[in-house]
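The values are calculated or read from the model by the stated rules, or taken from the named source; none is laboratory data. Small disclaimer: the values here were computed from a predicted structure and weren't measured. Virtual Cβ from ideal backbone geometry, glycine too; neighbours counted across all protein chains shown. Just so you know, the surface numbers come from the protein's heavy atoms only, side chains and all, with ligands and any DNA or RNA stripped out. Shrake-Rupley method; radii C 1.70, N 1.55, O 1.52, S 1.80 Å.
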Amino acid sequence: MQNIENKVVVITGASSGLGEAAARELARNGAKLVLGARRLDRLEALAKEIGIDAKAVVKTDVTKADEVKALVNRAVELHGRVDVIINNAGIMPQSPLERLRIDEWDQMIDVNIKGVLYGIAAVLPHMTRQKSGQIINVSSVAGHKVRAGGAVYSATKHAVRVISEGLRQEVKPYNIRTTIISPGAVDTELPNSISESDVAAGIKQFYEKMAIPADSFARCVVFAMSQPDDVDINEILFRPTAQEL
């Protein structure tokens, strides 16, 4: 794929699911990867499997701005620049509002919104100096549609879209591209973050019936990244063909 080989790409939430699939696909296309996630053992195993330096994995909790900054700084230390960040880390502990899972609301805001903002903050100084770069933020079909039980999750994913659109307008003078990718039901560990047993059972059944492989997301990443530098793919919304909502 053109325009991917040798690009320095940082991925958060890279230990499984969408992030892992993107890492595998980009490695096949010759990108230079720096991977972050909380589960360092999973990252190290992935790095070994896809043939990247052990120094290119960093234990990263995206709710901590200094850790996200350290992840991006590792990319700059290893390669002298950062070309792309995929702000992928996310959680989805859905539940009806009346159950008052305030702790989970806080977690979703911290991971899904603040984690994206911290990723943006970490790369912007480098990309503005370079006068180049691409910021890929992961939203969701839930960022376009809200359903009962998913109000807070949808709010966080809508926030990702709003932040990304504001960013798009602000970074034009620096030749930085911005992309939102909004997946539908994709086979990842995301439903495992649902703590309410009845909600979890319904989502599990839905995913077992509908979910498509995570490499569907990876192909969207490749498409957005591989465009010529004067083409800015701002948003990709995709879902399983059979998924109605």
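Summary table
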quantity	calculated
Computed accessible area, L78, all protein chains, 1.4 angstrom probe, square angstrom	70 Å²
Of V138, A224, I176, farthest towards positive along the dipole that unit charges on Lys, Arg, Asp, Glu beta carbons give segment 104-235	I176
Using a Förster distance of 35 Å, the FRET efficiency for A121-R28 (Cβ separation, nearest 0.05)	0.70
Calculated [θ] (222 nm, deg cm²/dmol) that DSSP helices of n ≥ 4 give over the chain, each run adding -39,500 (n - 2.57)	-14000 deg cm²/dmol
Shape call, segment 115-245: gyration tensor on alpha carbons, a/c limit 1.5	prolate
Positive-end extreme of charge dipole, segment 10-125 - chosen from I52, A65, I120 (charges on Cβ)	I52
Selected from Q130, Q205, Q227 as most flexible by GNM, with the chain as the system and alpha-carbon contacts under 10 Å	Q205
Length-normalised contact order of segment 157-214 in % [C-alpha pairs under 8 Å, at least 6 apart]	32 percent
Correct choice for Kirkwood radius over Cα pairs in Å that was computed from the model, options (i) 19.1; (ii) 18.4; (iii) 17.9	(iii)
Charge tally in the Cβ shell below 13 Å around M108, where Lys, Arg are +1 and Asp, Glu are -1, M108 excluded	-1
Residue among V160, V152, V231 with the largest mean-square fluctuation in a Gaussian network model of the chain, springs linking Cα atoms under 10 Å	V231
Accessible area in square angstrom per residue, segment 36-188, 1.4 angstrom probe	45 Å²
Stretchable slack from R129 to E208, in nm (0.36 nm times residue separation minus alpha-carbon distance)	23.9 nm
D83, D66, ranked by accessible area, largest first (probe 1.4 Å)	D66, D83
Sequence of F238, F206, F223, F217 from largest to smallest accessible area, 1.4 Å probe	F223, F206, F238, F217
Relative contact order (percent, whole number), the chain, Cα cutoff 8 Å, 6+ residue spacing	22 percent
Backbone N under 16 Å from the E244 label point (7 Å along Cα→Cβ), restricted to segment 156-196	185
By accessible area with a 1.4 Å probe, ligands and nucleic acids excluded, highest first: order of E196, E104	E196, E104
Pair R38, E77: separation of 7 Å Cα→Cβ label points (nm)	2.3 nm
Over 23 Å between alpha carbons, listed pairs K32/K69; K32/K114; K145/K204; K64/K157; K48/K157; K64/K172	K32/K114; K48/K157; K64/K172
Percent carbon-and-sulfur accessible area, segment 26-150, ignoring ligands, DNA and RNA, probe 1.4 Å	51 percent
Full-extension gain in nm, E49 to D232, via 0.36 nm per residue minus C-alpha separation	62.7 nm
Relative contact order for segment 1-129, counting Cα pairs under 8 Å that sit 6 or more residues apart, in percent	27 percent
